[in-house]
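Asker: What follows is a structure written as structure tokens; I'll ask about it next.
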């Protein structure tokens, strides 16, 4: 079965999530910090009147945090309720939160189409990345893409 990924970078690392989980990609970085929030919560974003909790993926994955730049984006995930229609059609999808969540990333890269059977287990030397947040890796011509475990984040 073919899997389409929305790929993004944190530092020089390439990650991907199933494109069916993505509601939109937003360049609005007007994030309001929240006192006493967990460290990985960057803050809240007002998205056309809806409040989105924004997670900093560098913090979630245990990587170096760099300042937001012109290429920074927020990947807004579909809610678990929005994904139910795909599950009814037979897609096996991870659970997402019931409320809107955004993932702050350094940059958005290409859409990647891969065969699901090409997924491999996480290498043991993947020490710098919080490996519980990664489902698998996929070998591409340009290197590895790590498939993010959305349920774990």
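None of the figures in this text is laboratory data; all of them are computed from the coordinates on show. Just so you know, these numbers come straight off a predicted model, no measurement behind them. Positions of Cβ are backbone-derived with ideal geometry, glycine not excepted, and every protein chain shown enters the neighbour counts.
Asker: I'd like the distance separating the alpha-carbon centroids of segment 3-59 and segment 86-125, in whole Å.
Answerer: 14
Asker: Pick from 12, 89, 40: which residue has the top mean-square fluctuation in a GNM of the chain where Cα pairs under 10 Å get a spring?
Answerer: Looking only at 12, 89, 40, the biggest GNM fluctuation is shown by 89.
Asker: Compare 27, 131, 72 in a GNM of the chain, Cα atoms joined below 10 Å, and give the one with the largest fluctuation.
Answerer: 27
Asker: While we're looking at this one, here's another question. Run the numbers for residue 12 and residue 32: contour at 0.36 nm per residue of separation, minus the present Cα-Cα distance, in nm.
Answerer: The residue 12-residue 32 span can extend by a further 4.5 nm.
Asker: Round to the nearest 0.05 the FRET efficiency obtained for residue 80 and residue 141 when R0 = 22 Å and r is the Cβ-Cβ distance.
Answerer: 0.05
Asker: Relative contact order for segment 2-148: what percent, with Cα pairs under 8 Å and sequence separation of 6 or more?
Answerer: 30
Asker: Still on this structure, I have one more. From zero up to wherever the largest Cα-Cα distance of segment 64-153 sits, split into 5 Å bins and tell me the percent of pairs in each.
Answerer: Whole-percent P(r) values from 0 Å outward: 3, 10, 17, 21, 25, 17, 7, 2, 0.
Asker: In the Gaussian network model of the chain, springs joining C-alpha atoms below 10 Å, which of 51, 74, 112 carries the largest mean-square fluctuation?
Answerer: Result for the chain, Cα springs under 10 Å: 51 fluctuates most.
Asker: As an exercise, find the ratio Rg/Rh for segment 1-83 from alpha-carbon atoms, using the Kirkwood inverse-distance average for Rh.
Answerer: Here Rg/Rh amounts to 0.96.
Asker: Taking just the alpha carbons, could you work out the radius of gyration and Dmax for segment 37-76, both in angstroms?
Answerer: Taking only Cα atoms of segment 37-76, I get Rg and Dmax of 10.9, 32 Å.
Asker: Report the Rg/Rh value for the chain, based on alpha-carbon coordinates and the Kirkwood definition of Rh.
Answerer: 0.95
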